Amino acid sequence: MFSYYIELALRSLKRTPVLTALMVLAIGLGIGASMTMLTVLHVMTQDPLPGRSAHLYYPHLDPLPTNYKTDPLGTNPNQNLTWPDAMALLHAHRAVRQAAMAGGRVLLWPQRTDVQPFYVDGHYTTHAFFDMFGVPFVEGSGWTATDDQASARVVVLTQTLARKLFGAANAVGKTVRLGELDYRVVGVTKDWAPKPLFYADASAQFYSDVDQFFLPLSDVLNSKQLDGDLRVSGNISGWSDSNGDNLRDPSTTWIQFWVQLDTPTQVATYRQFLVDYSAEQKSLGRYQRPPTNAKLYSLMGWLQYENLVPDDVKLQMWLALGFLGVAMLNIVALLLAKFLRRSGEISVRRAMGARTRDIFVQFGIESALVGVAGGLLGLGISQIGLWSIRQRPDDYAHLASMDPSMLVGTVMLAIVASVLAGMLPAWRACRVPPALQLKAQ
Amino acid sequence: MQIQPILAALRKHRLATILIALEIALACAVLCNATSMIAGRIAAMRMVSGVDESALGNIAVTGFDPAQANDLNARMLTGLRAIPGVQDANVVSSVPFGPQWGVAGISLDQAGKRSGGVIEFYEGGPGTPQALGLRLVAGHMPGADDYQPLQGYMPPNPRVLITRTLAEHLWPGENPLGKEFWGMNITFRVIGVVEHLMVSQYTETGVRGADWSVFVPAAPGGMLSGNYVVRADPQNIDRVMTEAKAAVRTIAPDVVLDHDTSRTVGELRHAFFKTDRAMAGILLGVIAALLLVTALGIVGLASFWVAQRRKQIGIRRALGATRADILRYFQIENFLIVTFGIVLGIVLAVGINLSLMKLFEVPRLPYWYLPIGALVLWLLGQLAVLAPALRAAAVPPVVATRSV
């Protein structure tokens, strides 16, 4: 019966080729536009570290004075931690793993004379960073807790940077000159850049920034190179009257901090620890705001808080969905007109013994066929749409392409949309009374 | 032409009529809102920066020892001014569309009680306002003794230029000359008002006005170093910039040229509005596709109804209706459906606009967009229905005599 209905549907569609083409085009455009934007949204809100993200948390403290007015434009200074707070959390060791970090940009002097000195972007961090985030190493490893304490002059490079500096040879053990000082390479990571770069500061380009090196935070602060050839590339916000240049200042925030907590109990305990720590700081007179302002964000929660998806993208998605809505209304109206025009044919079939259900299925299949064709066209259109997005200047543009799940999703959306659109017309069609139409003619 | 029979016929096809009207309503709502957003983007792209963009270029270098700042500034200025075609070169903190240098909250009293908002500070050495081409509307340009050495980011008692918009925001209706404001524990005194000076990285979100800037005269050195503005004849600026970037290598071999921000102000502006241009293009594409789909829907439905009513059309023709009567019948029918859609669409457009205003930073829909949107849809409807209606008009009266 099914194949018969398909044959009937194909014959019916072929009878009105222009109308069929119009419907397929309309649904194709609607699906294409919607899937383009849904794909962009999908890649922008994806989990940056599948498998690990559920155990990663971002502590949020509020050391701001009560009368501090947040600039509604800029980022809130309490998104980052101050140096004393970060060190207190780090040395408290209350989480399974914890690491403090800040974005950095350093002037690198290659040993090869044919390469000019250049700036590279990376992160200053502490040793647990690599294990906590599961950074894959090609050779060597991260530095140790001892290196952190001793402010050792060590560096971890990415494969791309290591190749650029040392060619194919092993990089571990070699030295690189950063600013005025030499650093020993202890490890080379695979090119690793979670998308979005969740651990970066709010000012980062979350979808296009790539870290090329990692340096011990303690050394960077001790080497007195900061603000010369080594810089902090994130937001540094201070609120005291003293000069904000001092990164150790207790009223200057610039550090990001991540902790790994494996069980709900650990999470609850850590949350309490943050509140207790804030209360302690308040009793010492350092904090002014209520200790309950301290929060613990999950990784995905933190990304939501950072609001990475630009308004433009959300707006475009709503536009695209609105467009799909128009296309669907269009198809409902056309199918309705088309099906009801065949009232005579329906009447005959009903009089010959077809049940209402049969008629419904028959016309449902016809709408679904339009949907499949529209979906295939929409797939093509969304590929063009994604290609055009990749040409755009935005930071997320290069990520805009479909994974298999989105491919299947596109066709599914098309079929669901067109079957939904065909529902009402098919239902109206199956209510045509048998024989009555025959009498009229 | 009587409307009564048309309405009666539409009532028989109530569902299809409502659906097409809904489609038109949705199209009308999206059309009005998308057009308004495009207008917003275009307005943003046309924003007046207040500087002579076509004559200016920015040169930024990094990687120098702060202790060498004075020496570097002197070398750079001499070197840049020596390039043929350069009319002037000055040390400046930034330029409009360049990197953001100094943004801070200010207050209208020393105690910091009355906030004046968050504004942008530009800082530059002697001759910078003239080199930028700032247009003075009141007061006077900074004199030679106004360019004082910095203490940190600012000179101790800066006498500044303020934009007209910012002056009006801070002291509405008052003469801003001689007025003072406070920020970063410094007292700023206004000596002149300029027509425009746009903030470097303007965003529509937030409360900061596009023109909320202040120019602080200062002696170059310390924090004010490494960024230079070059002025040349607009015809020469591209060549001058190429030569200037090449010259940096010989003037200061030990510094790194920042290629991203070392561009003409025109190029910086172009790059700054890239996303706005892309968004305007997308909106335009959506509008075009939407109107196309709507028109296709009207064509499809009208064709169907024409085919369905062949016999009735034939009867009417046989009873004496002219071709023009038949044509007009379908045109009026379409007009009625579209009008119904437009009425709904206007309500929807305002509703969507209000919710967009809440969710995103979208400006209020100007009301005169609504009649224009209606007009566009009426025209679109009439165009779309024309071909099917002509086909209907061509039905010969003899059809009436044939059985199905």
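Helix-only estimate, please: 222 nm mean residue ellipticity of the protein assembly as shown, summing -39500 (n - 2.57) across DSSP H runs of length 4 or more and dividing by its residues, to the nearest 500. Before the final figure, lay out each step's value.
Details: 25 runs with 408 residues, N = 845.
Rounded to the nearest 500, it is -16000 deg cm²/dmol.
The gain in end-to-end length when the residue B:310 to residue B:45 segment is fully stretched comes to 90.0 nm, 0.36 nm per residue minus the alpha carbon separation.
Residues of the range B:9-24 whose accessible area, computed with a 1.4 Å probe over protein heavy atoms, drops by at least 40 Å² once all protein chains are present relative to their chain alone are B:15, B:19, B:23.
The range B:240-305 gives an Rg/Rh value of 1.51, both radii derived from C-alpha positions and Rh following Kirkwood.
The mean accessible area for residues of the range A:58-173, using a 1.4 Å probe and ignoring ligands and nucleic acids, is 42 Å² per residue. Both radii were evaluated on the Cα set of the range A:262-301; the Rg over Rh quotient, with Rh as the Kirkwood radius, amounts to 1.06. Can you find, among A:41, A:302, A:375, the residue sitting farthest towards the positive end of the charge dipole of the protein assembly as shown, where Lys and Arg contribute +1 and Asp and Glu -1 at Cβ? Looking along the dipole axis, the top candidate is A:375.
Filter the trypsin sites (Lys or Arg not before Pro) in the range B:74-128 to those in DSSP coil with at most 15 other Cβ atoms within 10 Å of their Cβ, and list the result. Write down the numbers at each step before the final one.
Values: sites: B:75, B:81, B:113, B:114; in loops: B:113, B:114.
Those satisfying the criteria are B:113, B:114.
Highest GNM mean-square fluctuation among A:31, A:384, A:255, for chain A modelled with Cα contacts below 10 Å: A:384.
Modelled spin labels at residue A:210 and residue B:249, positioned 7 Å past Cα toward Cβ, are 2.6 nm from each other.
Quick one: dipole size for the protein assembly as shown, taken about the Cα centre, charges +1 on Lys/Arg Cβ and -1 on Asp/Glu Cβ, in debye to the nearest 20. Present the calculation step by step, with values, prior to reporting the outcome.
Working: 72 positive and 63 negative charges, 1169 e Å.
The calculated dipole for the protein assembly as shown is roughly 5620 debye.
Would you please give the FRET efficiency between residue A:141 and residue A:96, computed as 1/(1 + (r/R0)^6) with r the Cβ-Cβ distance and R0 = 25 Å, to the nearest 0.05?
Working: r = 19 Å, r/R0 = 0.75.
Taking R0 as 25 Å, the efficiency between residue A:141 and residue A:96 is 0.85.
With 23 Å as the limit on Cα-Cα distance, the pairs of A:14/B:12; B:12/B:311; A:282/B:113; A:338/B:311; A:195/B:245; A:164/A:190 that go past it are A:14/B:12; A:282/B:113; A:195/B:245. Here the range A:14-88 and the range B:29-88 have alpha carbon centers that stand 31 Å from each other. Among beta bridges identified by DSSP and lying wholly in the protein assembly as shown, the antiparallel ones come to about 80 percent.
Sort B:187, B:264 by accessible area with a 1.4 Å probe, largest first. Write out the running numbers ahead of the final one.
Numbers: B:187 35, B:264 10 Å².
If we order B:187, B:264 from most to least accessible, we get B:187, B:264.
When the charge dipole of the protein assembly as shown is built from unit charges on Cβ atoms (+1 for Lys and Arg, -1 for Asp and Glu) and taken about the Cα centre, the candidate among A:196, B:354, A:273 whose Cα reaches farthest toward its positive end is B:354.
A loss of 10 Å² or more of accessible area (1.4 Å probe, protein heavy atoms, ligands and nucleic acids excluded) relative to the isolated chain is seen in these residues of the range A:330-377: A:330, A:332, A:333, A:334, A:336, A:337, A:338, A:341.
Interface residues of the range B:248-297, defined as a loss of at least 40 Å² in heavy-atom accessible area between the chain alone and the complex of all protein chains with a 1.4 Å probe, are B:256, B:275, B:279, B:282, B:286, B:290, B:293, B:296.
Bridge orientation summary for the range A:53-306: considering DSSP beta bridges with both residues in this region, about 80 percent are antiparallel. Highest mobility in the GNM of chain A, judged by mean-square fluctuation with C-alpha springs under 10 Å and restricted to A:284, A:329, A:303, is found for A:284. Interface area, chains A and B: about 3900 Å² of buried accessible surface, summed, with a 1.4 Å probe and ligands, DNA and RNA left out. For A:41, B:379, B:80, the ranking by accessible surface with the largest value first comes to B:379, A:41, B:80, using a 1.4 Å probe.
Between residue B:87 and residue A:21, the modelled label-to-label distance comes to 5.9 nm, taking each label 7 Å out from Cα in the direction of the beta carbon. Using bins of 10 Å that start at zero, the share of Cα-Cα pairs per bin across the protein assembly as shown amounts to 2, 11, 16, 19, 17, 13, 10, 7, 4, 1, 0, in whole %. Mind giving me the FRET efficiency for residue B:399 and residue A:10? R0 is 30 Å, r the Cβ-Cβ distance, nearest 0.05 is fine. That gives a FRET efficiency of 0.50. Heavy-atom accessible surface of residue B:330, to the nearest 10 Å², is about 10 Å², with a 1.4 Å probe and all protein chains retained. Basic side chains Lys and Arg get +1 at the Cβ, acidic Asp and Glu get -1 at the Cβ, and with that the dipole of the range B:64-254 about its Cα centre reaches some 20 debye.
What FRET efficiency would be calculated for the residue pair residue B:100, residue A:184, taking the C-beta separation as r and a Förster radius of 56 Å, to the nearest 0.05? Numbers along the way, then the final one.
Numbers: r = 37 Å, r/R0 = 0.66.
Plugging the Cβ-Cβ distance into 1/(1 + (r/R0)^6) gives 0.95.
Of the trypsin sites (Lys or Arg not before Pro) found in the range B:1-47, the ones in coil according to DSSP and having at most 15 other Cβ atoms within 10 Å of their Cβ are B:46.
In the protein assembly as shown, a dipole from Cβ-located charges (positive for Lys and Arg, negative for Asp and Glu) runs towards its positive end, and of A:178, A:427, B:235 it is A:427 whose Cα lies farthest in that direction. The label-point distance for residue B:319 and residue A:222, in a model that sets each label 7 Å from Cα toward Cβ, rounds to 10.2 nm.
For the range B:64-254, DSSP calls about 70 percent of its internal beta bridges antiparallel. Cα extents for the range B:64-254 along the principal axes, largest to smallest and rounded to whole angstrom: 51, 37, 34. Above 31 Å, the calculated P(r) of chain A contains 56 percent of its Cα-Cα pairs.
So which trypsin sites (Lys or Arg not before Pro) in the range A:140-211 pass both tests, a DSSP loop state and at most 14 other Cβ atoms within 10 Å of the Cβ? Could you put the intermediate results ahead of the total?
Values: sites: A:153, A:163, A:164, A:174, A:177, A:184, A:190; in loops: A:153, A:174, A:190.
Here the trypsin sites (Lys or Arg not before Pro) that fit, given the DSSP loop and packing criteria, are A:190.
For the range A:53-306, with all protein chains in place and a probe radius of 1.4 Å, 49% of the accessible heavy-atom surface sits on carbon or sulfur.
Surface exposure of the range A:334-441, expressed per residue as accessible area with a 1.4 Å probe, stands at 46 Å².
Give the distance, in whole Å, between the Cα centre of the range A:149-202 and the Cα centre of the range B:118-132. A separation of 40 Å, based on Cα centres.
The values are calculated or read from the model by the stated rules, or taken from the named source; none is laboratory data. Just so we're clear, the structure is a prediction, and the values are computed from it rather than from any experiment. Please note: Cβ atoms are built from the backbone with ideal geometry, for glycine as well, and neighbour counts cover all protein chains shown. All accessible areas refer to the heavy atoms of the entire protein, side chains included, with ligands and DNA or RNA removed. Shrake-Rupley method; radii C 1.70, N 1.55, O 1.52, S 1.80 Å.
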